[in-house]
There are 4 protein chains.
Amino acid sequence: MPTGSHYSRSNEQQQMDAVVIQASGPPAQSLAYRSEPVPEPGLGEVLVEVHAAAVNPLDVVNAAGLLGTPLPMIPGGDYAGIVVSDGDHAGQEVWGSGPALGMALGTKRPGTHARFVTLPETWLSRKPERLTMTEAGAIGRSYFVAWQTVINAMELMPGETILITGGAGMVGQAATAIARWRGAKAIVADRHRPDGVEHFIDASSSDIREAVLEFTDGRGADMALDTVGGALFEPALRSLRFDGRMTGIFSAPEPKVRFPVAEIYNRQLHVTGLASVFMDGADVARIFDQLRPLFERGFLAPPAVKTWPLENSAEAYQTVLDGSAGIKQVLLPTGGGAQGRSR
Amino acid sequence: MPTGSHYSRSNEQQQMDAVVIQASGPPAQSLAYRSEPVPEPGLGEVLVEVHAAAVNPLDVVNAAGLLGTPLPMIPGGDYAGIVVSDGDHAGQEVWGSGPALGMALGTKRPGTHARFVTLPETWLSRKPERLTMTEAGAIGRSYFVAWQTVINAMELMPGETILITGGAGMVGQAATAIARWRGAKAIVADRHRPDGVEHFIDASSSDIREAVLEFTDGRGADMALDTVGGALFEPALRSLRFDGRMTGIFSAPEPKVRFPVAEIYNRQLHVTGLASVFMDGADVARIFDQLRPLFERGFLAPPAVKTWPLENSAEAYQTVLDGSAGIKQVLLPTGGGAQGRSR
Amino acid sequence: MPTGSHYSRSNEQQQMDAVVIQASGPPAQSLAYRSEPVPEPGLGEVLVEVHAAAVNPLDVVNAAGLLGTPLPMIPGGDYAGIVVSDGDHAGQEVWGSGPALGMALGTKRPGTHARFVTLPETWLSRKPERLTMTEAGAIGRSYFVAWQTVINAMELMPGETILITGGAGMVGQAATAIARWRGAKAIVADRHRPDGVEHFIDASSSDIREAVLEFTDGRGADMALDTVGGALFEPALRSLRFDGRMTGIFSAPEPKVRFPVAEIYNRQLHVTGLASVFMDGADVARIFDQLRPLFERGFLAPPAVKTWPLENSAEAYQTVLDGSAGIKQVLLPTGGGAQGRSR
Amino acid sequence: MPTGSHYSRSNEQQQMDAVVIQASGPPAQSLAYRSEPVPEPGLGEVLVEVHAAAVNPLDVVNAAGLLGTPLPMIPGGDYAGIVVSDGDHAGQEVWGSGPALGMALGTKRPGTHARFVTLPETWLSRKPERLTMTEAGAIGRSYFVAWQTVINAMELMPGETILITGGAGMVGQAATAIARWRGAKAIVADRHRPDGVEHFIDASSSDIREAVLEFTDGRGADMALDTVGGALFEPALRSLRFDGRMTGIFSAPEPKVRFPVAEIYNRQLHVTGLASVFMDGADVARIFDQLRPLFERGFLAPPAVKTWPLENSAEAYQTVLDGSAGIKQVLLPTGGGAQGRSR
């Protein structure tokens, strides 16, 4: 195993600590913590030592076998770390999220829940200096998904109102923070009110549409980000003003919902989704380039984090599966020392 | 009543022939043919003598009382005619479609199913010289709706494939013609095959999705224009490729449909509608300005037309209500002479 | 003269204090302070009592007779005030800038350098509560021009670099503040460094292109806002990266500049201008609607202001003409009391 | 040398006929016709047998040594041919233009003026069946440049007017044809009138602006495509209406032109260029995918062509250099047989 960032190529195959999905199932059964060969960067690729890597619901879904990933596979998409291979990027502190790392889709690349990962150079984005490795590793998927939907797809403008279903989740929190910076009003609908949220709707007890109309003086929301899917599709849709827009980030295939098509057609709504795993890694890196100055200047702040050593990954995954109450679970593959370095 | 285009202002109120919705109901009961005062153009408006004016399904819906229009009201949106008031536009041959003429919405302006109509100057578009008045009056709503959805909203590009549900209807025919000019492939789904359509799906007997996949070598359609609503919403949606787009032009409020939200979210579809009655009349006029050169050069051709004198309007409306088999029903408010001039 | 906001319609024509351009020339000769009839709002218009109204270089140019405005004319475009006519907006505190108020263009409406002004309802935007009338009246043209160019036309994104020529001027300051909020890097080129500017180029002594390349590690700026015109056109153009974009807000017609067309064509630059006086007043109001939440939340802050009673307008105009060193000159038509209320 | 399309891999290195730039200079000195190794397709690449390949001015400039291409190099960007390597695309007839083939830029790939060329799979576009190989090989650069500027960058709409400087050249002809299909009016400015052009300005004798104003009833052109550069920059710019747009495709670095910046800034013009050699090859292939149905349906027609065997390339290049009067010079690397097949 390489020690620290003193990685040196030699004829003998280097080994590293890694999490591996070895079978489909709940985290305790599916995930192994074991020694794996350090991957070799190919042409146009770099080797990154991973200092922090968040666990996302998508990773849990992947470990559960729902994405058809061929096993064994190192999971994980998010990361903050240091480029340890030679070349133009050597020594750079980087952050980001590989959209389909550790999955069956696209290039079938091993993921970031390991000491090292190889990445295409075009996927690299410099880490904000203001963030520790742990903080930078906690941004990942939740922020690029929030940015892609709220800014790039729906083009939220200052003064607009956005309804965020499941707003207490990590993507919802990221979207709320982005909306606040953007000068927009965020209305969060969820089962509990996240800290610091001004406009909250209790999704388990309120009529969402009625509540949105009240918050908007009867106009309806300009847009909605639906992070929940099925059950809140129709209420979110009906909360929009004429010509409003809505993006969903995932919905389970079942059950079907019943809704009136006339809502979309006659009220000229714009409904779409984001299949983030099919995004191009270089495009995702450009989103992190845009997020960087906003974190540097304090317009955006990292979420609350709970850190785990790599060997406790199964427990971290289980925490995400149980619902992590707005706290990001972050693995630290370089061990306790890294945690110390993180702040 | 003014004779011909010899319209002169005088102190005595001029009268004109007009169709009037006097009660809600089927055409024979709701529509009266009677003498009405010639409207006075206001500031920035012109008076147009209507030579031809198509009857659209929306007019039938309006006469049936489903749009809440205050009665009595002169219905009708489409027109081809001549500006007979003084000013910059005097004598111009114009064509177009007022998006909410003869309806309760917006300005509550009387419609075009009369000898004269007043229109804002900004709504005017010069008639193509190549088309007769009758032909020009038959373009109207079906073409601006097809253009707004297919070109402006979905941006159909050469080489793309578009599924058109209800493609045998007038909007469907217009969309098919526009797609052909655009260098795209149009697949028409309906209960009978319109003349000259190459790619046809019998919507009453076929599995639409299967048929579309066959026409597209398994890729799915790039976009869909749904002119039917409810029943074909899900099949049209499922016929789209990943990241495909769909626009509907109207759906009855009931019944609700059942469909999997995951279709939209996880396959990143883009679904919207066009509420054409809320479009700005000047924007609609700019669409007719774009259609003009395409008719002048023969890239687009007017539909088959059946003409009616104004006094037989109820019969013309009933024909539209019964399903007019791809033939446009056009009123000729200036009488038989106009018909002679039309071709 | 109406007193305070107690404006009441009566048969006798109300009078008000106003600035009037009575002849073309330098401020002391062209501007009169005198009593004028209070304007009557037309259909769809409101009467606004002006509490604060900035003087812009455009007003000075207008008073000098360079815009061909028919005289006499009340000048002034910016304003903050209160709607004093009856109707939906009665009592509202509003702010904004009429793009061609007090000028020959378009509707030839009298301007805001008077106690009262009539405005179309669609031009209204609610004043941010956080700003005093004086502060709100100081935003006006400089901010909507900066927003229209930097955000709407060039779409500045976080992490990008913008060169602002004449960056010490009021539009330049506004653009710098907007860029900072946006998470972008602003490089200011001018003859003196404004307070708080991090990246400054002395335009009178430095090679602008060299300096920009240094600030951007050799890449060049992503975009430029040229508020100077002629002399800095080519240096700004040459400071851009390949595929960069540039917008100018005004240039004197003479002298012509010499420059290599190849710069634009072969480096794929995007060069345009903003003719702000031709913007639609309702569109401008939507910009103020977007600026409002950014001032409310403190992302943007009003400039340093020097206030003047209306009778000293000629002096205020002269101060703008002399170069006001980054301080906004604001007229207070409601007198000293308003100044006290302002903070 | 492989014979016909019977290309077979073997241990011995295959040879092919090719044109090679061996020194910078006029065609007769710089170009050699000789035997070269058949290139080996790499991962994700195919081998294409070239049946027809146009000579463009860019190739002549390249052979003259003005682009800094490292020598020796096989030049040529355009092609029509057949995929002769194994794999998904084997046997496909393809057409297109590699944006920087045979040049120093980007990947330094050898060009198409040879019997065989390797291309990335993502660059492939199926040849229209309606065109012969010779015709398809003549479309290339002139059409993708015209499409990228007129359709993608400037978004020409039906009813608009476009001024095309140098409109008798190959790009100008392509742009004129595209404009006609689009339902727009093309005004060609050049030194001689190409066949079939309706609106022509003699650029050597007329005042271009005056002539454009006459063709447009005083409104000015909506857009301009400047294929000439320097000398016609200002006249083209001044022919545009307020808010008009202009794109140039190349200008020699010298001489500088003098022009009033106020033209761009105060009239809100949009001026840009296309650096086509930096376009992505896959994006260019998507343009050919869009051109295909327009040629299949006869909306666009191939230009007049003069064909040359590969050994006479220097003569073909010289013809382009001398000015080829609207006739496309096309090389036929597969020899006379191909010519016979072409028509």
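The values are calculated or read from the model by the stated rules, or taken from the named source; none is laboratory data. Fair warning: this is a prediction, and the values are worked out from it, not measured in the lab. Cβ: placed from backbone, ideal geometry, glycine included. Neighbour counts: every protein chain shown. With ligands, DNA and RNA removed, areas are computed over all heavy atoms of the protein, side chains included. Shrake-Rupley method; radii C 1.70, N 1.55, O 1.52, S 1.80 Å.
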Which whole number gives the average count of other chain Cβ atoms within 10 Å of the Cβ atoms across peptide B:174-181? 1
Whole number please: convex hull volume per residue of the Cα set in region C:79-160, in Å³? 128 Å³
Taking only protein heavy atoms and a 1.4 Å probe, what accessible area per residue, in Å², does the protein assembly as shown have with all protein chains in place? 38 Å²
With 10 Å bins from 0: P(r) over region D:11-144, alpha-carbon pairs, percent: 14, 45, 34, 7, 0
Check cross-link reach from C:LYS256 to the lysines: straight Cα distance under 16 Å, and skip same-chain residues fewer than eight apart. D:LYS256
Work the Kirkwood hydrodynamic radius out for region D:128-193: mean of 1/r over every pair of different alpha-carbon atoms, inverted, in Å. 12.3 Å
When only alpha-carbon atoms count, how far does the protein assembly as shown stretch along each of its three principal axes, as whole angstroms with the largest first? 101, 76, 68
When we measure straight from the Cα of C:LYS185, which aspartates and glutamates land under 15 angstrom away, once same-chain ones fewer than 8 places off are left out? A:ASP289, A:GLU296, C:GLU155, C:GLU160, C:GLU198, C:GLU214, C:ASP217, C:ASP222
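Report the rotationally averaged projected area of region C:169-243 based on its alpha-carbon convex hull, in square nanometres. Before the final figure, lay out the partial values.
On the way: hull surface 19.4 nm².
Averaging across all directions leaves 4.9 nm² for the Cα convex hull.
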Counting helices only, and only those DSSP H runs with n ≥ 4, report the 222 nm mean residue ellipticity of chain C as the sum of -39,500 (n - 2.57) divided by its residues, in deg cm²/dmol to the nearest 500. -7500 deg cm²/dmol
Between A:ARG286 and B:GLU40, what's the calculated FRET efficiency when r is the beta-carbon distance and R0 is 60 Å? Round to 0.05. 0.55
Work out the P(r) tail for region B:270-329: percent of alpha carbon pairs separated by more than 16 Å, whole number. 67 percent
Taking every Cα atom in region D:22-81, find the radius of gyration and the maximum pairwise distance Dmax, and write them in Å. 12.8, 36
Two-decimal log10 I(q)/I(0) for region B:75-215, as the Debye equation yields it once each C-alpha is a single scatterer, q = 0.09, 0.11, 0.13 Å⁻¹: -0.36, -0.52, -0.68
Kirkwood-type radius of region A:202-273, with distances r between different C-alpha atoms, in Å: 12.4 Å
Simple label model, 7 Å out from Cα along Cβ direction - B:ALA301 to D:GLU254, nm: 5.9 nm
I'm a student and want to see the number: the projected area of the Cα convex hull of region A:241-305, averaged over all directions, in nm². 7.6 nm²
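Please average, across the residues of A:145-153, the number of beta carbons from any other chain that are within 10 Å of each residue's own beta carbon, and give a whole number. Show your work: numbers first, answer last.
Values: counts 0, 0, 1, 0, 0, 0, 2, 1, 2.
That works out to 1 on average.
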Across B:247-257, the residue-averaged tally of Cβ atoms belonging to other chains within 10 Å stands at 5
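For chain B, how big is Rg over Rh, using alpha carbon atoms and the Kirkwood form of Rh? Show your work: numbers first, answer last.
On the way: Rg = 20.3 Å, Rh = 20.5 Å.
Over the Cα atoms of chain B, Rg/Rh equals 0.99.
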Could you tell me the total accessible area buried at the D-C interface, probe 1.4 Å, in square angstrom to the nearest hundred? 2700 Å²
At R0 = 51 Å, FRET efficiency that the Cβ-Cβ distance of C:ARG126 and C:ASP217 yields, to 0.05: 0.75
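With charges only on Cβ, +1 for K and R and -1 for D and E, what is the dipole size of the protein assembly as shown about its Cα centre, in debye, rounded to 20? Mind dumping the intermediate values first?
Details: 116 positive and 148 negative charges, 1 e Å.
The calculation lands at about 0 debye.
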Per principal axis, descending, Cα span of region A:167-296 in whole Å: 41, 32, 26
Within region A:213-237, which residues have the backbone N less than 18 Å from the label spot 7 Å out from A:ARG193 along Cα→beta-carbon, could you tell me? A:213-216
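Could the peptides A:147-158, C:163-174, C:86-97 be put in order, highest first, of the mean number of other beta-carbon atoms found within 10 Å of their residues? Show your work: numbers first, answer last.
Working: A:147-158: 20.7, C:163-174: 26.3, C:86-97: 18.2.
The most tightly packed comes first, giving C:163-174, A:147-158, C:86-97.
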In the full protein assembly as shown, how much of A:ARG193 is accessible to a 1.4 Å probe, in Å² to the nearest 10? 130 Å²
In this structure, the FRET efficiency calculated for B:ALA23 and B:ASP207 from their beta-carbon separation, with R0 = 60 Å, to the nearest 0.05, is 0.85
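Order the peptides C:324-331, B:212-219, C:73-80 from the highest to the lowest mean number of other Cβ atoms within 10 Å of their residues.
Details: C:324-331: 20.5, B:212-219: 15.8, C:73-80: 28.5.
Top of the packing list down: C:73-80, C:324-331, B:212-219.
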Using only the C-alpha atoms of region C:229-343, find the volume of their convex hull and express it per residue in Å³. 179 Å³
